[in-house]
Amino acid sequence: MAPQVALRAAGEGDIPHINAIHAFYVLNTVITFTITPATDDEALSKFRAVVSQGLPYIVAVDNVTADIVGFAYASGFRTGKSGYRHTVEISLFCHPDHRAKGAGTLLLRKLIEVMKHPEDHADFVTVARDEDARVRNLIACMAVDEQSGKNGLGLKEYYEKFGFEQMGHLKRVGHKFDRWIDTIYLQLSLW
């Protein structure tokens with residue numbers, strides 16, 4: 001059954017809803033190594049930084065309730081080091097009540113599509129990037145939560161279905177909830 005959501009570019013008014021979804025993961029999971037939830041002002045600042053770089057920030061909206069049920073965006077990888085300008089890191093989160101219902105898959109597909117052909121998606125990318133800054137690689141950095149499905153590797157398999165390949169496995173680099181956690185880096189080359 002297809003998810004009953006629509007995708008659109010996020011706006012500043014969406015930030016409290018986006019931030020509430022993210023706060024759930026900060027407070028309850030090791031999916032993010034953030035320890036303290038961001039304030040709405042901090043989340044707004046991050047949003048503005050993403051869109052000002054000519055990168056997409058997308059929300060999934062429930063067609064019936066109009067609630068935001070997920071979001072995805074790309075942000076600079078190792079920001080401040082211009083040699084990485086062709087590489088971005090992606091983030092994807094769904095409301096806890098809407099996990100495994102298809103919204104995340106729609107968001108990731110759209111994010112990849114927009115990053116491959118930003119010139120065709122002016123509704124999702126409002127600031128054009130120079131040709132010399134065209135994105136070539138998407139990086140997904142994921143925590144290996146051994147307490148989740150497939151001993152923490154379910155998310156890795158999910159990304160692999162979209163063409164991402166594992167490029168690195170860092171052992172016990174994150175610490176949250178009195179646990180040491182591995183991370184896996186996956187990469188998708190767009191061109």
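The values are calculated or read from the model by the stated rules, or taken from the named source; none is laboratory data. All of these numbers come straight from a predicted model, not from anything done at the bench. So basically every Cβ, Gly included, is an ideal-geometry build from the backbone, and we count neighbours across all protein chains shown. The accessibility values were calculated without ligands, DNA or RNA, using every heavy atom of the protein model including side chains. Shrake-Rupley method; radii C 1.70, N 1.55, O 1.52, S 1.80 Å.
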If I build a Gaussian network model for the chain, linking alpha-carbon pairs within less than 10 angstrom, which residue out of 138, 55, 44 has the largest mean-square fluctuation? 44
Once the Cβ-Cβ distance between residue 179 and residue 157 is put in as r, and R0 is 25 Å, what FRET efficiency do you end up with, to the nearest 0.05? 0.70
Taking only Cα atoms and a 10 Å spring cutoff, compute GNM fluctuations for the chain and point out the largest among 40, 120, 130. 130
Checking a compactness column here: for segment 5-189, what do you get for Rg(Cα) / (2.2 N^0.38 Å), N being the number of residues? 0.99
If I model a spin label at residue 34 and residue 129 as a point 7 Å from the Cα along the Cα→Cβ vector, what separation in nanometres do I get? 2.1 nm
To the nearest 20 Debye, how big is the dipole of segment 1-76 about its Cα centre, given +1 on the beta carbon of each Lys and Arg and -1 on that of each Asp and Glu? 220 debye
If you roll a 1.4 Å probe over the heavy atoms of the protein chains, what accessible area per residue do you get for segment 5-189, in Å²? 53 Å²
For the table 156/176; 101/161; 116/150; 81/101; 46/150, the rows whose alpha-carbon distance is greater than 27 Å are 116/150; 81/101; 46/150
Protein accessible area in the chain, 1.4 Å probe - carbon and sulfur %: 51 percent
Which residue, 76, 11, 149, has the most motion in a Gaussian network model of the chain that connects Cα atoms within less than 10 Å? 149
Dipole magnitude of segment 1-135 about its Cα centre, charges +1 at Lys/Arg Cβ and -1 at Asp/Glu Cβ only, in debye to the nearest 20? 440 debye
